[in-house]
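The block underneath contains the structure these notes are about, expressed in structure tokens.
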């Protein structure tokens, strides 16, 4: 069966997960990795974000960033909110383009390269550090983006670890998908309890994404980076995660999400 995406999605969604999932009514829908690959933007501006991430982000974090993009697409296919009455819409192609920049650049703050370590923002929590570097990169390498597009991408990067699941408020579609996909790649279907994300992405789609971009030593790399973050920046954004820092070793998946 051929599956397709709607022409538009809700540009803004509830930040509270319970409200979001009630609105979305996600049904995991299989879409092949080959189909997901067809959505990758191939222009020079998006390629520059891929290259910049590959250059600055440690290897496993870079591969994590790629998986996040594909998992975000998987969520779209499962039924992310679209055409909700009274809600502004964003064209699907536009959303995917923003997601690509966001996902590929979202962990620039993990960098261990001199360009990042010597950056004036390097002492900030990694989300802010990376967001500022992403802003500078987009200003230089993606001149077609307007201020609103850049703002959505950068704000989604800055907020990706502390959202979603605010008690109230509104998130952009980009921000919500970035956060959902990042935490899904970190903890899988059980991120908030057994099968708590079972409805979000089809397991065979996840299997194919992980086959193309294996988890490798992601858990070990992330554990080291998070450990340094908690040690050197006790007021980092991740310190606000329930049970942090002690519970991160329990959250981070070592094995593939779908084995």
Using Cα-Cα distances under 8 Å and only pairs 6 or more residues apart, what relative contact order does the chain have, in percent? 28 percent
Would you please put 240-247, 118-125 in order of how densely packed they are, using the mean number of other Cβ atoms within 10 angstrom per residue and starting with the highest? 118-125, 240-247
Approximate spin-label separation residue 112-residue 249, in nm, with each point projected 7 Å along Cα-to-Cβ: 2.0 nm
Please give the Cα centre distance for the stretch 180-259 versus the stretch 94-146, rounded to the nearest Å. 21 Å
By Cβ neighbour count within 10 Å, fewest first, 133, 178 rank 133, 178
Where the convex hull is taken over the Cα atoms of the chain, what is its projected area averaged over directions, in nm²? 13.1 nm²
Arranged from highest to lowest average of other beta-carbon atoms within 10 Å per residue, in what order do the peptides 214-222, 70-78, 151-159, 56-64 appear? 70-78, 151-159, 56-64, 214-222
In a GNM of the chain with a 10 Å cut-off on Cα contacts, which of 172, 144, 181 has the highest mean-square fluctuation? 144
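If we count other beta carbons within 10 Å of each Cβ, what is the order of 15, 32, fewest first?
Ordered by Cβ neighbours within 10 Å, fewest first: 32, 15.
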Kirkwood calc, the stretch 3-47, C-alpha pairs only, radius in angstrom 13.4 Å
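Run the helix sum for the chain: -39,500 (n - 2.57) per DSSP H stretch of 4+ residues, divided by residue count, reported at 222 nm to the nearest 500 deg cm²/dmol.
Result for the chain: -16500 deg cm²/dmol, rounded to the nearest 500.
Coordinate-derived values only; no laboratory data. Values in this document were obtained by computation on a predicted structure and should not be read as measured data. Note: ideal-geometry Cβ built from the backbone for every residue, glycine included; neighbour counts use all protein chains shown.
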